[in-house]
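Asker: The structure under discussion is supplied below as structure tokens; questions concerning it will follow.
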Amino acid sequence: MDRHLPSFGISLDQVDRSDSLIRIIVAQGDVLSSVDSRQLEADSVPALGDAIYEAGVALRTLMEQVGEQALQGADAGGLAGGMSESRG
């Protein structure tokens, strides 16, 4: 059986940050899609769009950072630092 090992690592802080950014994007998009645009102030739609854009850019930057965090020894069958995952 071909076993796929992780090739990059992500910290808990990065997981939390990505979750927060995704929630911002979803919440702002939900407002835009569920509210009649006539109910919004003139500056609301551009402000919501800007918030979605900024969160998207931040999430893309975070994912690029994660992609650069290659695990050492992942190709040797273990996790970073020679640690292995225990299953119990």
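Asker: For region 34-46, enumerate the residues that are in a helix (DSSP H, G or I) and either modelled with pLDDT under 90 or surrounded by 13 or more Cβ atoms within 10 Å (Cβ to Cβ) (or both).
Answerer: Once the filter is applied, which keeps residues that are in a helix (DSSP H, G or I) and either modelled with pLDDT under 90 or surrounded by 13 or more Cβ atoms within 10 Å (Cβ to Cβ) (or both), region 34-46 yields 37, 38, 39, 44, 45.
Asker: Quickly run through region 16-57 and pick out the residues that are closer than 23 Å to residue 6 by Cβ and in contact (Cβ under 8 Å) with a residue 12 or more places away in the chain.
Answerer: Listed by number, the residues that qualify are 17, 18, 21, 22.
Asker: Here's a follow-up. Name, by its number, the condition in (1) free of Cβ contacts under 8 Å to residues at least 60 places away in the same chain; (2) under 18 Å from residue 14 (Cβ atoms); (3) surrounded by 12 or more Cβ atoms within 10 Å (Cβ to Cβ) that does not hold for residue 70.
Answerer: Status for residue 70: all satisfied but (1).
The values are calculated or read from the model by the stated rules, or taken from the named source; none is laboratory data. Everything numeric here is computed off the predicted structure, so don't read it as measured data. All Cβ positions, even for glycine, are placed from backbone atoms using ideal geometry, and neighbour counts span all protein chains on display.
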